[in-house]
Amino acid sequence: MPLEGVAARHASLGEVRGTGLLLGLEVLGSDAAAAKRRAKFIINTLASSHRILIGYEGPHASILKLRPPMPFGRDHADLLAQAIDAAALDAV
């Protein structure tokens, strides 16, 4: 499941940006503070439940920053997309 498909499934996720392995996934909220809280929740859920480490950036800290390691294949991409999909379901 590509990230665009995950974003389309959730009103709380917006545009996927970037090329190659350097990607950003926009997290949406009712305002900048809500988007930042939601992004932090997703990041913490990915780390604690799926052992996936990502960061955030942007003017409102609401862009999930994906910079996977070089030995990153299709199976890893699918795992990442499934984990973000699950975390976004629970994001406040």
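The values are calculated or read from the model by the stated rules, or taken from the named source; none is laboratory data. It should be emphasised that the depicted structure is a prediction, and the values quoted were computed from it without experimental measurement. Cβ coordinates were reconstructed from backbone atoms using ideal geometry, including for glycine residues, and neighbour counts include every protein chain displayed. The area values use the complete protein model at the heavy-atom level, side chains included, leaving out ligands, DNA and RNA. Shrake-Rupley method; radii C 1.70, N 1.55, O 1.52, S 1.80 Å.
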Discussion item. So LEU53 ticks every box in (1) touching a Leu at 6+ places or on another chain (Cβ under 8 Å); (2) part of a helix (DSSP H, G or I); (3) loosely packed, with under 13 Cβ neighbours inside 10 Å but one. Which box is left unticked?
Written reply: (2)
Worksheet item: Going by the conditions given, is PRO59 part of a loop (DSSP other than H, G, I, E, B), open to solvent by 80 Å² or more (accessible area, probe 1.4 Å) and either of a type in the set (Ser, Thr, Tyr) or at pLDDT below 90 (or both)?
Response: no
Worksheet entry | Tally, over region 34-92, of residues that are touching a residue at least 40 places away in the same chain (Cβ under 8 Å) and of a type in the set (Ser, Thr, Tyr) | 1
Worksheet entry | Residue that is farthest from ALA81 (Cα to Cα) [pool: residues in region 17-36 that are charged (D, E, K, R) and surrounded by 16 or more Cβ atoms within 10 Å (Cβ to Cβ)] | LYS36
Discussion item. Conditions first: (1) open to solvent by less than 50 Å² (accessible area, probe 1.4 Å); (2) in contact (Cβ under 8 Å) with a residue 24 or more places away in the chain; (3) not basic (Lys, Arg). GLY14 passes all but one, so which condition is the exception?
Written reply: (2)
